[in-house]
Amino acid sequence: MKALCLFIFCLLSISLSGQEVNLFVNAYNPSKEQIDSATTFIPLKDGKVVYRELLPYTGDRVEVHATLKRWFVDRFPDIQNVIQIDDPHLGTLVGKAVIKYSFKSGVNSSNFSMFFTVSIDIGPETVDMSIYNIYGSDKRRNNLQMYLEATNSMLNDVNFDQHSSVDKFDLDLTKSYFDYMKGKQEKYNGKVLYAMDREIRSIFESAESVLK
């Protein structure tokens, strides 16, 4: 029995290692200096994390609206993303979006989904774009827990669903920001905020690129 458990452990360790490599190819692993730099410039409005930029454009406002609508659909292809307000004459576009990414948090693997609102108002020469209502859902997977559950399943001839090893919890990223500034869960919140900042700034860069 002990030999069988050891054999299973070796196989599962190799399997988990391979999964981990695939999962974290593009994962965030910032240094303390990178986190401190990013959190210094996280913008607040009325006590909430709110990102806003003015993006210049040339051309017809209705055409720009159509361009940004296509950009929204292409940039956020997940089925959970939805455009809620779409008025080309007023130059208004508002939608809910989610993006997903990963990072390491100690012995845990965090698969993170960030939910937010994108608001676009097209003026005569600039696009006023904001991202707010930023929340996150973290699915944290512990490799040791996965090993123990898988071993038990194999020994008892039952199906093993690795998602039973996932701890899921939701975050208000504004709260994460203030907790980080107070030194609460500094390592974890720092990684959450760094990834949030990088992802959101890349959204603005993507929108700006389609306006050129």
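The values are calculated or read from the model by the stated rules, or taken from the named source; none is laboratory data. What you see is a predicted model, and the numbers here were worked out from it, not measured in a lab. A quick note on method: Cβ atoms are made from the backbone with ideal geometry, for glycine too, and the neighbour counts reach across all protein chains shown.
Just a few scattered comments:
Okay, residues lined up against (1) at pLDDT below 95; (2) more than 24 Å from the chain's Cα centre (by Cα); (3) surrounded by fewer than 15 Cβ atoms within 10 Å (Cβ to Cβ):
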{"position": "G95", "(1), (2), (3)": "no, no, no"}
{"position": "V118", "(1), (2), (3)": "no, no, no"}
{"position": "Y135", "(1), (2), (3)": "no, no, no"}
{"position": "D138", "(1), (2), (3)": "yes, no, no"}
{"position": "N143", "(1), (2), (3)": "yes, no, no"}
{"position": "N152", "(1), (2), (3)": "yes, yes, yes"}
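Residue by residue, here is whether (1) touching a Leu at 6+ places or on another chain (Cβ under 9 Å); (2) of a type outside the set (F, W, Y); (3) not in a strand (DSSP E or B) holds:
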{"site": "R52", "(1), (2), (3)": "no, yes, no"}
{"site": "L55", "(1), (2), (3)": "yes, yes, no"}
{"site": "E63", "(1), (2), (3)": "no, yes, yes"}
{"site": "A97", "(1), (2), (3)": "no, yes, no"}
{"site": "N111", "(1), (2), (3)": "yes, yes, no"}
{"site": "I120", "(1), (2), (3)": "yes, yes, no"}
{"site": "V127", "(1), (2), (3)": "yes, yes, no"}
{"site": "S130", "(1), (2), (3)": "no, yes, no"}
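- Filter result for I14 (loosely packed, with under 11 Cβ neighbours inside 10 Å, part of a loop (DSSP other than H, G, I, E, B) and modelled with pLDDT under 95): no
- Extreme residue, modelled with the lowest pLDDT, among residues of region 161-177 that are surrounded by 15 or more Cβ atoms within 10 Å (Cβ to Cβ) and among the hydrophobic types (A, V, I, L, M, F, W, C): V166
- The listed residue being under 15 Å from the mean Cα position of the chain (by Cα) and without any contact (Cβ under 8 Å) to a residue 60 or more places away in the chain, out of S209, S202: S202
- Filtered residues of region 54-66 (kept if within 18 Å of K96 (Cα to Cα) and surrounded by fewer than 18 Cβ atoms within 10 Å (Cβ to Cβ)): A66
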